[in-house]
Amino acid sequence: MSNCWRYSPELPEDIEYGIIINMAKICLCLTGSTLQRDIEVLEKYRKFVDIVELRADYLTPDERLLVRRFPEMAGIPCILTVRREIDGGLFHGGEWSRIKLISMGLAFAEADRRRNFAYVDLENDLSVPGIEEAARTFGTRIIRSYHNMNGTDDGITEILRKSKRIGDEIVKVAVAPRSLDDVVKIFRSARETEDLEKIIIGIGEFGLCTRVLADRLGSQITYTSVKGESNMPMAALGQLDPKELSEFYRFKSINEGTTIFGIAGFPLKVTLSPSFFNATFGTESINAIYLPFPVVSIGAFMRLADEIGLKGASITVPYKEAVVSYLAQKSDHVRLTGACNTIVREEDGWHGYNTDAMGFSNSLLNFLGTKDLKGKRITIVGAGGVAHAVAEEVHRFRGKALILNRTPIRARELAETFDFKWAALDTVGFARMEKYNDIIIQTTSVGMDSQIDSDPIEMYKFSGKETVMDVIYYPQQTKCLKRAAAAGCRVIGGYDMFIRQAQEQFRFFTKQELSTQAAPNRTP
Ligand code: ATR
């Protein structure tokens, strides 16, 4: 095993006041209405953060008069920011009163730099020589910022270069990616400006990877916030909680040798994969990180994967079929079913596998306590990617199956591959189930998330003799499974299958065996 796989628990030296060290710092944005409230929040998260940003635009008018006291109260390097509405802030007053507030924060600076703001954030279209002069005189570094809350500019590199005015200013660009192609632009611009001291951020759900991979971007700071602590939904900006960034993503351990993995899908609201992999990489001492990538275009995801050197990914709904055209090598299963849920970068390109199949059959056979499905008559509900994997395994383990699907043509296509029966999800289909009901396997997305109150086979009456499996793992018992359990059926949810298929993905990703059994919380 090469060294780059080892996880280094070393943490950076204590941060010196106002001095940039060569590692992205975690900044906590404080958006309380009083300084005292901001300090209370800081105390709860102090051990996870290197620096705080006082968002003075969130303070009440009375409290704004006291901003000068804040650095001493906080005892940690502070950024002073008074953000205008157009840049996503809450400062409604005129530009002159905003400048006055910034001046108050910097005024009467002391010889002891710990009592001054370490940084002041000034927009790149603001030019107030008096403030800039005061900041420089008292050792407060200027962060020269540009915001685009509505999209991602093409010329981020030029914006960063043009924003810089005087030698020691740090330039900052915060833009709102609308797709992963916009995130590619951010990473490219970061590469083109390696010589600049900068902060670079992608706002919103697509930008999450820019916050976790701040060090890769050469960004001096990554911003975090505490959910529920502000009257603005900071989470909507894609900011992570500092504890989540530090513990879940092990931010301080991310370095040049860290291997990046992730999951591509949409909407990715209900996934346990980041919990499983990040916890497992930690317990296995592997220097790797696993990120969620909300994907609206699989092509954009593959371009980002190249840009950031992604080593492998889990592929989920709705891209398991679309990703196949990007593969240089396909496993037999992927070739047969056309569905791929695991990609791994190798020298000749992407290799594609499907771990749903093995996860499913191991889970079901273990539950039944049998070696095969010989003599079992089985209904498979659904004809999508997961149903393909399930059908293949049922066939391999010598079961006989009926495939029911909302769109009958898909049921037919899948059934014909394995010489199974097929029907639509209607009264005829439910009547046919009576002859294929030793085991019922539910593979559709009905029962999760927005369809949590639905049951795709609600017209079917369980006798109580069936074994019923639902591949959905959240909720732990779908409506369909609850109904089956109430009728006396043996039921199994999708959590065990999820863990088994994720462990197989781990083997493909790392080419090593698991030495421990990490089991994430069952709630995404
Ligand atoms: P996966 O890879 O998770 O299987 P998929 O390939 O998109 O995802 O397949 C989703 C399956 O859920 C399909 O069988 C789909 O039925 P259609 O082929 O008719 O689209 C099924 N499905 C999704 N929503 C459904 C609903 N509301 N009622 C019944 N079946 C549904």
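The values are calculated or read from the model by the stated rules, or taken from the named source; none is laboratory data. What you are looking at is a predicted structure, and each value in this text was computed from that prediction instead of being measured. Please note: Cβ atoms are built from the backbone with ideal geometry, for glycine as well, and neighbour counts cover all protein chains shown.
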Inset, instruction - Mind listing whichever residues of segment 294-329 are of a type in the set (Val, Ile, Thr), out of contact with any strand residue (DSSP E or B) (no Cβ under 6 Å at 6 or more places or on another chain) and within 15 Å of the ligand (Cβ to nearest atom)? - result: ILE298, VAL324
Legend entry - Residues of segment 129-168 that turn out to be closer than 18 Å to ILE99 by Cα and touching a Ser or Thr at 6+ places or on another chain (Cβ under 8 Å), as a count: 6
Inset, instruction - Go through segment 330-357 and count every residue that is touching a residue at least 40 places away in the same chain (Cβ under 8 Å) and within 16 Å of the ligand (Cβ to nearest atom). - result: 10
Inset, instruction - Give the residue that is farthest from HIS333 (Cα to Cα), with candidates limited to residues of segment 390-411 that are among the charged types (D, E, K, R) and within 11 Å of the ligand (Cβ to nearest atom). - result: ARG406
Legend entry - Options TYR58, TYR17: the member that is farther than 18 Å from ALA214 by Cβ, modelled with pLDDT under 85 and either surrounded by 18 or more Cβ atoms within 10 Å (Cβ to Cβ) or touching a helix residue (DSSP H, G or I) at 6+ places or on another chain (Cβ under 9 Å) (or both): TYR17
Inset, instruction - Mind listing just one residue for me: the one in segment 476-508 that is more than 16 Å from the ligand (Cβ to nearest atom) and assigned to a loop (DSSP other than H, G, I, E, B) and, of those, surrounded by the most Cβ atoms within 10 Å (Cβ to Cβ)? - result: CYS489
Inset, instruction - Report the residue count in segment 429-458 for those that are modelled with pLDDT under 95, among the aliphatic types (A, V, I, L, M) and touching a helix residue (DSSP H, G or I) at 6+ places or on another chain (Cβ under 9 Å). - result: 1
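Considering only segment 333-376, how many residues are under 30 Å from the mean Cα position of the chain (by Cα) and in a helix (DSSP H, G or I)?
The total comes to 13.
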Legend entry - Tally, over segment 404-441, of residues that are closer than 28 Å to ALA485 by Cα and in a loop (DSSP other than H, G, I, E, B): 10
Legend entry - Pair list, Cβ under 8 Å, 6 or more apart: segment 391-413 residue more than 23 Å from SER454 (Cβ to Cβ), other residue of a type in the set (Phe, Trp, Tyr) and within 14 Å of the ligand (Cβ to nearest atom): GLU393/PHE360; ARG412/TRP422
Inset, instruction - Residue by residue through segment 131-160, note down the ones that are within 26 Å of the chain's Cα centre (by Cα) and crowded, with 20+ Cβ neighbours inside 10 Å. - result: SER145, HIS147, THR152, ILE156
Inset, instruction - Output the number of the condition that VAL390 fails; it satisfies all remaining conditions of (1) hydrophobic (A, V, I, L, M, F, W, C); (2) crowded, with 22+ Cβ neighbours inside 10 Å; (3) assigned to a loop (DSSP other than H, G, I, E, B). - result: (3)
Inset, instruction - Could you look through segment 379-389, keep only residues that are closer than 17 Å to GLY359 by Cβ and at pLDDT 95 or above, and pick out the one that is nearest to the ligand (Cβ to nearest atom)? - result: GLY382
Inset, instruction - Within segment 436-465, work out how many residues are closer than 17 Å to SER363 by Cβ and more than 10 Å from the ligand (Cβ to nearest atom). - result: 4
Legend entry - Filter pass, ASP182 being over 23 Å from ILE79 (Cα atoms), out of contact with any helix residue (DSSP H, G or I) (no Cβ under 6 Å at 6 or more places or on another chain), in contact (Cβ under 8 Å) with a residue 24 or more places away in the chain and not aromatic (Phe, Trp, Tyr): yes
Inset, instruction - Tell me which of these GLN505 doesn't satisfy, since it passes every other one: (1) touching a residue at least 60 places away in the same chain (Cβ under 8 Å); (2) out of contact with any strand residue (DSSP E or B) (no Cβ under 8 Å at 6 or more places or on another chain); (3) closer than 23 Å to PRO267 by Cβ. - result: (2)
